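See structure below.
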Amino acid sequence: MAASATPPDRQSVIDYALGLGFHLAGIASVPESPSDPEARAVAHLQTWLKQGHQADMAWMANPKRQDIRQVLPGARSLICVALNYYTPQTHSPDPRHGKIARYAWGRDYHRVLHKRLKALAGWLTAAALEAGQVIQVRYYADTGPVQDKAWAQQAGLGWVAKNGNFITRQYGSWVVLGELVTTLALAPDPPHAAHCGTCTRCLEACPTRAIPQPYVVDANRCLAYHTIENRAETLPPEIVPHLNNWVAGCDICQDVCPWNQRFAQPTTLEEFQPYPENVAPNLVDLATLSEAEWDDRFRASALRRIKPAMWRRNAQAAQANQPD
């Protein structure tokens, strides 16, 4: 029996993604052999790994991250999406309060993205099947071995910035990214050009010089890495003096970015509205955080990645570094 519908095309996919609440959506094609931009992104990653900038993040060396065709054999397209998470609250200047990166103020962005990506994957699979095509899909929200920023630039959403973040014209870099990899061939969007220009504000603002050169972030020096990923009992002595009350991530290189200062706009998603205790957490509370308190306080939060002992370590280090 002949198929009763035409397979999804680029525009129908974009329209459906935006209808699910994604703020941006675009398509990147996957040729049989790596394109020049893909090869450059892989070479950049390989150099970064050889220089040891990944610190203890061994998962960054997963070979699948260097070839999307290993993530999904037969992959033909990536549907790249972004959600704006910006809210206008500011960090407390009170030295008794810790600082948490803005992306983690509200509901866990993985859950917010996955809910919509799952719906997109279900619709795409069903629509293709109705047209007589059996396709495969995989979707990720910072959860798989995918160079999401490089692919999002190829899909036209924005560009990889000098601080390693991803900047969009519409929202600055206050976005989280997701992607759906599929065996369905879709017409691609034009890649986005980079627009950092000669600006080096992010490099200059980093207190630990974790961005030694444009487009290179050394996790060994990064406050975000040490407060979120570093599992050691104590923070490095060269990092502690620069904490300035950051206990979960760091927004310094984003706060100084001209694109953010000009184009940041409040998110339309209720899920990203801050939980009050995340905007100005009390350092005394965090420095004595128990397992039960941690479990109750950080449910449905990306901050669960920071375990109770790490919260105590970070908060105690911030307290010890307070000016007299």
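The values are calculated or read from the model by the stated rules, or taken from the named source; none is laboratory data. Because the structure is a prediction, the values reported are computed rather than measured. Glycine also receives a Cβ, built like all others from the backbone with ideal geometry; neighbour counts cover every protein chain displayed.
Things to note:
- Residue in the range 115-128 that is outside any strand (DSSP E or B), within 15 Å of the chain's Cα centre (by Cα), among the β-branched types (Val, Ile, Thr) and surrounded by fewer than 21 Cβ atoms within 10 Å (Cβ to Cβ) present: no
- When residues of the range 215-243 are limited to those that are of a type in the set (S, T, N, Q) and in a helix (DSSP H, G or I), the one surrounded by the fewest Cβ atoms within 10 Å (Cβ to Cβ): Asn220
- Unique match (being of a type outside the set (Ser, Thr, Tyr), farther than 30 Å from Asn321 by Cβ and touching a Pro at 6+ places or on another chain (Cβ under 6 Å)) among Ala150, Ala131: Ala131
- Positions within the range 146-163 being part of a loop (DSSP other than H, G, I, E, B), crowded, with 22+ Cβ neighbours inside 10 Å and not β-branched (Val, Ile, Thr), in sequence order: Ala155, Leu157, Gly158, Ala161, Lys162, Asn163
- Gln46 surrounded by fewer than 16 Cβ atoms within 10 Å (Cβ to Cβ) and over 21 Å from the mean Cα position of the chain (by Cα): no
- Search result, residues across the range 5-37 that are assigned to a helix (DSSP H, G or I) and either polar (S, T, N, Q) or surrounded by fewer than 21 Cβ atoms within 10 Å (Cβ to Cβ) (or both): Arg10, Gln11, Ser12, Ile14, Asp15, Tyr16, Leu18, Gly19, Asp36, Pro37
- Filter pass, Pro73 being within 30 Å of Glu271 (Cβ to Cβ), out of contact with any helix residue (DSSP H, G or I) (no Cβ under 9 Å at 6 or more places or on another chain) and not in a helix (DSSP H, G or I): no
- You will find that of Cys202, Cys250, Cys196, the residue that is of a type outside the set (S, T, N, Q), in contact (Cβ under 8 Å) with a residue 24 or more places away in the chain and outside any loop (DSSP other than H, G, I, E, B) is Cys202 and no other.
- Scan of the range 127-167 for residues that are under 20 Å from Ala187 (Cβ atoms) and either among the polar types (S, T, N, Q) or not assigned by TED's automatic domain parsing to the domain that holds Arg69 (or both), ordered by number: Gln133, Gln136, Gln153, Gln154
- Qualifying residue in the range 279-291 (condition: outside any helix (DSSP H, G or I), in the same structural domain as Gly249 (by TED's automatic domain parsing) and within 22 Å of Cys222 (Cα to Cα)): yes
- Residue within the range 256-274 that is modelled with pLDDT of 95 or more, charged (D, E, K, R), within 21 Å of Ser92 (Cα to Cα) and surrounded by 13 or more Cβ atoms within 10 Å (Cβ to Cβ) present: no
- Some residue of the range 308-320 being of a type outside the set (S, T, N, Q), at pLDDT below 95 and surrounded by fewer than 18 Cβ atoms within 10 Å (Cβ to Cβ): yes
- Filtered residues of the range 292-307 (kept if outside any helix (DSSP H, G or I) and modelled with pLDDT of 95 or more): Phe298, Ser301, Ile306, Lys307
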